[in-house]
Amino acid sequence: MRVVLVEPKYDGNVGHVARVMKNFGVKELFLVRPRSELGEVAIARAMHALDLLENAVIVDTLEEAIEDVEAAIATTAVLASTPARNPMMPWEVRETFSDYEKIAVVFGPEDRGLRTWEVEICDATLHIPTSEEYRSMNLSHSVAVVLYELKKVEYVPERYGRTATKREKEVLVKSLDDLMKTLNFDSTRRENVCTTFRRFLARARCTDKEIKALLWIFEKAKRRILGVKRQD
């Protein structure tokens, strides 16, 4: 993926964009006729993404910035004023262009956005559904929203344990049933509770470690109750 900023006005915003790109693992930054040099403010705001600023490609035209990608996606806050501004939502862009080797997402300058002709030379238009009261977003915020939506399918989070199997969940349900037997619940009540609990586990997507924790509690409670009954 490539991020293209057309005539960015403030070098600080470019620094923020570089930082956001680093967050999402996007490394190609193209600047079309930037209106300020990348100075100390950009460097400070880029934080640990200084390498993206140093490797940013500066070109004179938008055509140069998108000539070697398979598709260019223009961003716009203006809706349906021309055929070219008939927008796709960010998730629609992800679904439509997911099998492309490289796409460029093009963002306009902070004070006016992309011109109509700049939108027209791109292959599709993307719109972030913001409030009608105030549609325009800060440049780096827009980049963050778009990159999040386009990149999130690549993210596989580290979880506390793996997803529990049906067998493991049934062991937990059986343990709950045994606990209710110890409490002298009648069979109808136990069956209803176990069915409800089984449905809950399916929706909760429990991990194996969470199942073991609950199983430990149920078994501990059952042994405690049985111990009290023996003393009585």
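The values are calculated or read from the model by the stated rules, or taken from the named source; none is laboratory data. Just so it is clear, the structure is predicted and the values come from calculations on it, not from any experiment. No Cβ is skipped: glycine too gets one built from the backbone with ideal geometry, and neighbour counts run over all protein chains shown. Heads up: the accessible areas ignore ligands, DNA and RNA and are worked out on the full protein's heavy atoms, side chains in. Shrake-Rupley method; radii C 1.70, N 1.55, O 1.52, S 1.80 Å.
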Longest principal axis of the chain (C-alpha) makes with the long axis of helix 187-204 (C-alpha) an angle, in degrees to the nearest 10, of 20 degrees
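For the chain, what is the relative contact order in percent, using Cα pairs closer than 8 Å and at least 6 residues apart in sequence?
Details: 342 pairs, mean separation 43.8, N = 232.
Normalised by residue count, the contact order of the chain is 19 percent.
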Taking protein heavy atoms only, a 1.4 Å probe, and rounding to whole percent, the accessible area of the chain owed to carbon and sulfur comes out at 51 percent
Most fluctuating of Arg112, Arg19, Arg203 in the GNM of the chain (C-alpha, under 10 Å) is Arg203
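Please work out the average accessible area per residue across the chain, using the 1.4 Å probe convention, and give it in Å².
On the way: 13970 Å² over 232 residues.
Result: 60 Å² of accessible area for each residue.
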Counting only protein heavy atoms and leaving out ligands, DNA and RNA, the solvent-accessible surface of Ser136 at a 1.4 Å probe, in Å² to the nearest 10, equals 70 Å²
Distance in nm between Met47 and Met137 label points, each 7 Å along Cα→Cβ, equals 1.8 nm
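Per Stokes-Einstein, at 25 °C and 0.890 mPa s, what whole-number D in µm² s⁻¹ belongs to the range 153-232, with the Kirkwood radius over Cα pairs as the hydrodynamic radius?
Numbers: Rh = 13.9 Å.
Taking Rh from Cα pairs, D becomes 176 µm²/s.
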With Rg from the Cα atoms and Rh as the Kirkwood inverse mean 1/r over Cα pairs, the chain has an Rg/Rh of 1.27
Rounded to the nearest 10 Å², the accessible area of Phe200 using a 1.4 Å probe with every protein chain kept is 100 Å²
Under a Gaussian network model of the chain whose springs join Cα atoms within less than 10 Å, the largest fluctuation of Glu54, Glu219, Glu118 belongs to Glu219
Of the candidates Gly39, Phe97, Tyr148, the farthest towards the positive dipole end of the range 27-174 (Lys/Arg Cβ +1, Asp/Glu Cβ -1, centred on the Cα centre) is Tyr148
Taking only C-alpha positions in the range 11-124, Rg and Dmax in angstrom work out to 14.5, 41
Quick tally, 1.4 Å probe accessible area for Glu70, Glu37, sorted with the most first, runs Glu37, Glu70
Rounded to the nearest 10 Å², the 1.4 Å probe accessible area of Asp186 is 90 Å²
Per GNM of the chain with C-alpha springs under 10 angstrom, the most fluctuating residue out of Leu176, Leu126, Leu31 is Leu176
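Using a 1.4 Å probe and counting only protein heavy atoms, arrange Arg35, Arg190, Arg223 so the residue with the most accessible area comes first.
Working: Arg35 105, Arg190 45, Arg223 135 Å².
Ranking Arg35, Arg190, Arg223 by accessible area, largest first, yields Arg223, Arg35, Arg190.
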Using alpha carbon centers only, the range 6-20 is separated from the range 35-50 by a whole-angstrom value of 8 Å
The range 140-196 and the range 95-119 have their Cα centres apart by a whole-number Å value of 40 Å
Against the 2.2 N^0.38 Å rule of thumb, the C-alpha Rg of the range 88-141 sits at a ratio of 1.23
The pairs in Lys151/Lys209; Lys169/Lys229; Lys174/Lys222; Lys9/Lys152; Lys166/Lys222 lying past 20 Å Cα-Cα in this model are Lys151/Lys209; Lys169/Lys229; Lys9/Lys152; Lys166/Lys222
Of Tyr100, Tyr160, Tyr10, ordered by accessible area with the largest first and a 1.4 Å probe, the sequence is Tyr160, Tyr10, Tyr100
